[in-house]
Amino acid sequence: MEGLMMDYPLTLTHIFERVARYYPRQEVVTRLPDRSLHRYTYADFHSRALRLASALASLGVSRGDRVATFCWNHFRHLELYFAVPVLGAVLHTLNIRLHPSQLAYIANHAEDSVLFFDASLAPLVERFRGELKTVRRFVWVPDTGQASPDWALDYEELLASGHESFPLPSLDEREAAAMCYTSGTTGEPKGVVYSHRAIVLHSFAEAMGSVFGLNDSDVVMPVVPMFHANAWGLPFTCVMVGAKQVFPGPHLNPESLLELVEGERVTVTAGVPTIWLGILAALDREPGKYDVSSLRVIPCGGSAAPRAMIEGFEKRHGITVLHAWGMTETTPLGTAAVLRPWMRGWSEEEKLSVRETQGAPVPFVEVKALDEEGREVPWDGKTMGELVVRGPWVAGAYYRNPEASAEAFTPDGWFRTGDIVTISPEGYIRITDRAKDLVKSGGEWISSQELENALMGHPAVLEAAVIGVPHPRWQERPLAVVKLKEGASASPEELREFLAPRFPKWWLPDAFVFVDEIPKTSVGKFQKRALREQYKDYRLEG
């Protein structure tokens, strides 16, 4: 048909060039490891990222190559967020909280060609560097002032070798821009690849007034790590709208974050509930010490936000906690618990009951819940089913993993989230259970089955089931329920030491309970629901 629109590509290149032209004087602020603040502008960011892209090309990084980062939230990581994809390469953020064996597997599976890492994280890199098969160059990001080792290039020296006049290639919006791996299920981590188109559309949705409402008047502090699901897309969205960004670096304690909120007049900050529980406690402990009047909204996700926390920020400090839900596979934003106009006149109790849900789908994300036979359940707020989603920034397959991809989608192409939910008549979802019994600690997944299988490898253990129990700080922590072999003995300390070489420290169970029998289903599986009910009042120390 005649008269159609231009075929203009939705790429990060446009966002990158736009911020330099229209917001050159807007600031980017970073808390460095020594606690000092680094400041520069988007004009500085743009010129440095261009030089970095040029330098990467000189290193031999070409279209489609994976470039890994192992970094905290800071201005140099932001430069990588754009320099890599506008070159046509693929940004691959590695989660610094994973076990070295997992990190080696992920980097090898992605076939990363270059690895950028913070100097402060060098000891962690040393633990898996020797296992990397495809990384040909390491780049030392000088966040500590120390000189780079002989096996790594220095970031600033590399950047200085590049040229601001470097011509950026024309890209297709369906080319890969970034990738993350999820370890949120049993088995090996799975890769999710994000196209330019997906990230651009996700950024538009996130900025909408009925979602996070981001604009160039905002000062945004992403506390959610840039190595975790693209920091929920916030760095990309902020550059698109020209918002000032404040990066906390490695300092995530309440006092440091509150100092940044007050000093930089932060309006939006986002992260998991664990962070905000600490912030709320600090504000309540010393009323009036910190000025948080600039804060208007705290997008919160990763695990369920406690009702008391949402209410505490609203009633005592006038700050809205915006409960949201998403996954690595959804880029990650899927839903947000924003009140509809007709709800604003509701009672505080009624409004709170909506705001504590995981929210309703943002535009272009579709959801439904399926029963065990694959039939859609009614949106009545009562009937449970597995949440399935689809949309332009929802993964269509896992990277080089056809087996996992085949299991992850319904026959008609919807992505299976593994979350068991109810959906209200207005479309608000509430997560009630997790299909695969994962434990979610401080917003990070812990696989109960992997811990169980490892525990049952101990010579004294006959059976072991791991469940999540409430924790005052981390929301949920693993509790191991263990049945020993007849005549055998083992202490909690011995079992924890047995697990320690295999898993990150934060995966290890907080407590071990020894029992005569572990309840099972009719087909011999551990009855996790019965265990959770039995130990729902089990008290872990904070």
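Numerical summary
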{"quantity": "In order through the stretch 208-214: 3J(HN,Hα) via Karplus (6.51 cos²θ - 1.76 cosθ + 1.60), integer Hz, x for Gly, Pro", "calculated": "4, x, 8, 10, 8, x, 7"}
{"quantity": "Sequence ranges 43-54, 421-432, ranked by mean other-Cβ count within 10 angstrom, highest first", "calculated": "43-54, 421-432"}
{"quantity": "Packing rank of 475-484, 381-390, 497-506, where each peptide gets the mean count of other beta carbons within 10 Å, highest leading", "calculated": "475-484, 381-390, 497-506"}
{"quantity": "Carbon and sulfur %, accessible surface of the chain computed with the full protein complex present, 1.4 Å", "calculated": "51"}
{"quantity": "Qualifying aspartates and glutamates (Cα of each under 17 Å from Cα of Lys505; at least 8 residues distant if same chain)", "calculated": "Glu444, Glu450, Glu452, Glu476, Glu493, Glu494, Glu497, Glu541"}
{"quantity": "Residue-normalised accessible area of the stretch 257-306, given per residue in Å² at a 1.4 Å probe", "calculated": "33"}
{"quantity": "On Cα atoms only, tilt of 254-264 relative to the major axis of the chain in degrees", "calculated": "30"}
{"quantity": "Anchor Lys133: lysines whose Cα lies under 23 Å away (excluding residues fewer than 8 positions away in-chain)", "calculated": "Lys190"}
{"quantity": "The chain: angle of helix 100-110 to the longest principal axis, Cα-based, in degrees nearest 10", "calculated": "50"}
{"quantity": "Structure-derived log10 I(q)/I(0) by the Debye sum over Cα atoms at q = 0.08, 0.09 Å⁻¹ - corresponding label in (i) -0.66, -0.80; (ii) -0.53, -0.68; (iii) -0.74, -0.85", "calculated": "(ii)"}
{"quantity": "Dipole magnitude of the chain, debye to nearest 20 (Cβ charges: Lys/Arg +1, Asp/Glu -1, about Cα centre)", "calculated": "260"}
{"quantity": "Accessible-area value, Glu157, 1.4 Å probe, nucleic acids and ligands omitted, Å²", "calculated": "130"}
{"quantity": "Cα centroid separation, the stretch 180-226 to the stretch 265-294 (Å)", "calculated": "23"}
{"quantity": "For the stretch 370-415, size of Cβ-based charge dipole, Lys and Arg +1, Asp and Glu -1, in debye", "calculated": "260"}
{"quantity": "Residue among Gly381, Leu80, Pro306 farthest towards the positive dipole end of the chain, charges placed on Cβ", "calculated": "Pro306"}
{"quantity": "Listed peptides 451-461, 215-225 by packing density, highest first (mean Cβ within 10 Å)", "calculated": "215-225, 451-461"}
{"quantity": "Degrees, to the nearest 10: 196-207 long Cα axis against longest axis of the chain", "calculated": "80"}
{"quantity": "Alpha-carbon Debye profile of the stretch 51-170, log10 I(q)/I(0) at 0.10, 0.23 Å⁻¹", "calculated": "-0.26, -1.47"}
{"quantity": "In Hz, Karplus ³J(HN,Hα) per residue of the stretch 452-466 (6.51, -1.76, 1.60; θ = phi - 60°; x = Gly, Pro)", "calculated": "4, 4, 5, 4, 6, x, 6, x, 9, 9, 8, 9, 8, 10, 10"}
{"quantity": "Cα-Cα over 24 Å, subset of Lys485/Lys528; Lys351/Lys382; Lys483/Lys528; Lys315/Lys351", "calculated": "none"}
{"quantity": "Overall form of the stretch 345-475 per C-alpha gyration tensor (a/c, 1.5; a/b vs b/c)", "calculated": "oblate"}
{"quantity": "Estimated 222 nm signal from helices in the chain, with DSSP H stretches of n ≥ 4 weighted -39500 (n - 2.57), rounded to 500", "calculated": "-8500 deg cm²/dmol"}
{"quantity": "Extension gain from Arg35 to Trp342, taking 0.36 nm per residue of separation minus the Cα-Cα distance", "calculated": "106.0 nm"}
{"quantity": "Residue-normalised accessible area of the stretch 368-462, given per residue in Å² at a 1.4 Å probe", "calculated": "45"}
{"quantity": "Accessible surface, the stretch 128-189, averaged per residue in Å² (probe 1.4 Å)", "calculated": "52"}
{"quantity": "Beta bridge orientation in the chain: antiparallel %, DSSP, nearest 5", "calculated": "55"}
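The values are calculated or read from the model by the stated rules, or taken from the named source; none is laboratory data. Please read all numbers here as calculations on a predicted model, not as lab measurements. Don't worry about glycine lacking a Cβ; one is built from the backbone with ideal geometry, like all the others, and counts go over all protein chains shown. Note: accessible area is taken over every heavy atom of the protein model, side chains too, but ligands, DNA and RNA are not part of it. Shrake-Rupley method; radii C 1.70, N 1.55, O 1.52, S 1.80 Å.
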